[in-house]
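What follows is a single structure, written as C-alpha cells, with notes after it.
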Amino acid sequence: MAVPKVNTRRIAPAGRRERRRAEIRDRLYRAALQLFAERGYLETTVEDITETADVGKGTFFNYFPTKEHVLATFGAERIALIERALERARKGPVLPVLAELTGTLVGQSRESPALLRAIFAAHASCAPVRVELGKRLETARGLLQKIFVLAQESGEIRRGLSAAELARVVQIVFLGVAVAWSLNPDSTLRRTSEGVWNLIVPNLVAQRRHRRAPTG
C-alpha cells in the first residue's frame, strides 16, 4: 500500500505571507518614526509614510487604523520592556533588573533627540494621543509597582516606602530625563539615565544591620 504524500503547498505560502506582512508593517513603522523625527508628527501624512516605505497609500490602513496607532505601537514596545523586566524580577535579584530597565526604557539605541521631541510634541498638541499616553503611563506604573514590591519583599529596597509612590516618582523622573535629553543631548540617553538611577538608588536600598563584634 502506497504511503500518501503530504501536501505542503498550503503551508509554505502561508508562512511567506505572514513574513511578508510583518516586513511591510515594520517598514511602515520605521518610515513613520523616521518622518516624525525629520518633519514632526503633525506635519507627517499617511501618504508621506507610504511613499517613504514604498508601498501603496491604502496599504497603511491594513496595518495601522490611524497615524496615532504608530505612536501606540511605540508605547506598546515600552510596556513590553517592563513586562519582561517584571518576569526577570520574579526570579531575582531585583535591583539589577531595575537598573537595566531604567537604562533600556529611555535609552534605546534607535531613538534620536528629534524623534523624542516629535513624540512629546504630539502628546502635547493632540488630545487623542495624549489620552493614549495616559493609559500607557498608568499601565507602566502598575507594572513598576509590582517590581518595587518584589524588591521590598526580597529586602533589597526599604519596606517603609510606598511601592505605588516609588513607581510614580521613578516614572516622572525618567520621563523628565527623556524630555531634558531630547532638548540638550550632551551624552547618550542611556548613559544619562544610568547616571540618574545611580543617584536615586542609594536612597532606596535597605540598610543592612551589622552585628557588633563581641567584646572580650
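The values are calculated or read from the model by the stated rules, or taken from the named source; none is laboratory data. Predicted, not measured: the structure shown is a model, and the values here were computed from it. Here Cβ is always computed from backbone atoms with ideal geometry, including for glycine, and neighbour counts include all displayed protein chains.
Pairs meeting the criteria (first residue in region 66-93 and free of Cβ contacts under 8 Å to residues at least 40 places away in the same chain and among the basic types (Lys, Arg), second residue crowded, with 17+ Cβ neighbours inside 10 Å and assigned to a helix (DSSP H, G or I), beta carbons under 8 Å, at least 6 apart or on different chains) are Lys67/Ala32; Lys67/Val46; Lys67/Ile49; Arg88/Val97.
Close Cβ contacts (under 8 Å, 6 or more residues apart or on different chains) running from residues in region 173-190 that are under 11 Å from Phe120 (Cβ atoms) and in contact (Cβ under 8 Å) with a residue 40 or more places away in the chain to residues that are surrounded by fewer than 20 Cβ atoms within 10 Å (Cβ to Cβ) and of a type in the set (D, E, K, R) comprise Ser182/Arg117; Leu183/Arg117. Of the residues screened, Thr139 is not one that is closer than 29 Å to His69 by Cβ, out of contact with any Leu (no Cβ under 6 Å at 6 or more places or on another chain), crowded, with 19+ Cβ neighbours inside 10 Å and of a type in the set (Ser, Thr, Tyr). Output the residues belonging to region 186-207 that are under 11 Å from Ala99 (Cα atoms) and among the acidic types (Asp, Glu). Correct list: Glu194 only. On the basis of being in the same structural domain as Val170 (by TED's automatic domain parsing) and either among the charged types (D, E, K, R) or more than 23 Å from Asp26 (Cβ to Cβ) (or both), does Ala127 make the cut? In short, yes.
If I ask for residues that are of a type in the set (S, T, N, Q) and either at pLDDT 95 or above or over 27 Å from the mean Cα position of the chain (by Cα) (or both), which ones from region 46-60 would you list? Steps first, answer last, please.
So the first thing to find is which residues in region 46-60 are of a type in the set (S, T, N, Q), and the list is 50, 52, 59.
Result: Thr50, Thr52.
Out of region 185-200, which residues are modelled with pLDDT of 90 or more and over 21 Å from the mean Cα position of the chain (by Cα)? Listed by number, the list holds a single entry, Leu199. Tell me, yes or no, whether region 27-40 has at least one residue that is on the phi < 0 side of the Ramachandran plot, in contact with a Ser or Thr (Cβ under 7 Å, 6 or more places away or on another chain) and of a type in the set (Phe, Trp, Tyr). Yes, region 27-40 has at least one match.
For (1) surrounded by fewer than 17 Cβ atoms within 10 Å (Cβ to Cβ); (2) within 24 Å of Gly134 (Cβ to Cβ); (3) touching a helix residue (DSSP H, G or I) at 6+ places or on another chain (Cβ under 7 Å), each residue gets a yes or a no:
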{"position": "Arg30", "(1), (2), (3)": "yes, no, no"}
{"position": "Gly40", "(1), (2), (3)": "yes, yes, yes"}
{"position": "Val46", "(1), (2), (3)": "no, no, yes"}
{"position": "Thr50", "(1), (2), (3)": "no, no, yes"}
{"position": "Phe61", "(1), (2), (3)": "yes, no, no"}
{"position": "Glu68", "(1), (2), (3)": "yes, yes, yes"}
{"position": "Ala80", "(1), (2), (3)": "yes, yes, no"}
{"position": "Arg84", "(1), (2), (3)": "yes, yes, no"}
{"position": "Leu98", "(1), (2), (3)": "no, yes, yes"}
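Tell me, please, whether a residue that is in contact (Cβ under 8 Å) with a residue 40 or more places away in the chain and either under 30 Å from Leu204 (Cα atoms) or not charged (D, E, K, R) (or both) can be found in region 51-59.
The first filter runs over region 51-59 and keeps only residues in contact (Cβ under 8 Å) with a residue 40 or more places away in the chain, leaving none.
Looking through region 51-59, none of the residues is in contact (Cβ under 8 Å) with a residue 40 or more places away in the chain and either under 30 Å from Leu204 (Cα atoms) or not charged (D, E, K, R) (or both).
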